Amino acid sequence: MGRTRPRTDSWGTSRAKPRGGRDVASLSAADRSLLFLISRAYAGLRGIHRLTRATEHLVEGLALRGLSSRGRAALTRICYERAKPTTRSSLFRWEIDWFERELPAEPCRILVGGAGSGVEVRWLRSRGHQVVAFDPVPPLPTDGTLRLSYEELARIVPYDVPQARRVIDSAPYGAVLLGWGSFTHIQDAPARLGLLRALRQLSDGPVLASFWSAPTSQEPESRARRLGVRLGSLVGNRQIGEVAHTDRVLPHCGYGHGFSAGEVEALAERAGYRAQVWMDGYGRVTFRPRESVDEP
């Protein structure tokens, strides 16, 4: 004899063994109907989420491997311009601790890069410090923040960029602050090294930077991202080297590189600094100048 197909209710669930077991079987018809609709909606949302994540990974791989460094920088600026401006109105506690510990007792001139919405700038100015601030995408161009990227400043003598000329002509600085997470957006290792060497010429004081921390364990790369990387290598910039597993491109903030503590310390050594690194969730570092600077 062939198998007898179990009897089902109006939405295809076996009456003999309904999904959810006895809990579902004991519900009223109205509850069961609504439960079915909600469970199907959640299943659909999970499918949409998986599709969205796969699309994000595909586009991320394409951007990382296909775009040049300048292209990734332009993408990052576009992402920030389209994102909702930050509404943070106060400093993090660790920022205040750093200012009180590291800044000179008397007011001084301070350079703030990646100034963003100007939270740090306003706090420093309220304490009497003279602040020169810049950002590649200043949200408030009327507040005196210069439109300038780290890559432009990293050229050491960037006198073809008027905003960089103003930064250089205002030196020396008593300290340098690289705004919240902005160090992570510098596009490649030579630009990071160039920026630190430029700052070493502009200031003998400490430099505070924050960045994405590299994960302690490497997760397997998704198939969608691997496909995006392959497509990027076919249609994009062939001068881009291997894509690091800690490189990311996110819709709200563009390109970013995740650092390990050892990577930050090695970079500091080459640029003429000593690094004190904190890796408690979000990476932070104080760069302090050494007495002598290695030649490039």
In Å, the Kirkwood hydrodynamic radius from C-alpha pairs for the range 194-285 sits at 15.4
If Trp278, Trp98 are placed from fewest to most neighbouring beta carbons inside 10 Å, the sequence is Trp278, Trp98
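A short reminder: the numbers here are calculations on the coordinates, not readings from a lab. In this text the structure is predicted, and so the values were computed from the model without any measurement. No Cβ is skipped: glycine too gets one built from the backbone with ideal geometry, and neighbour counts run over all protein chains shown.
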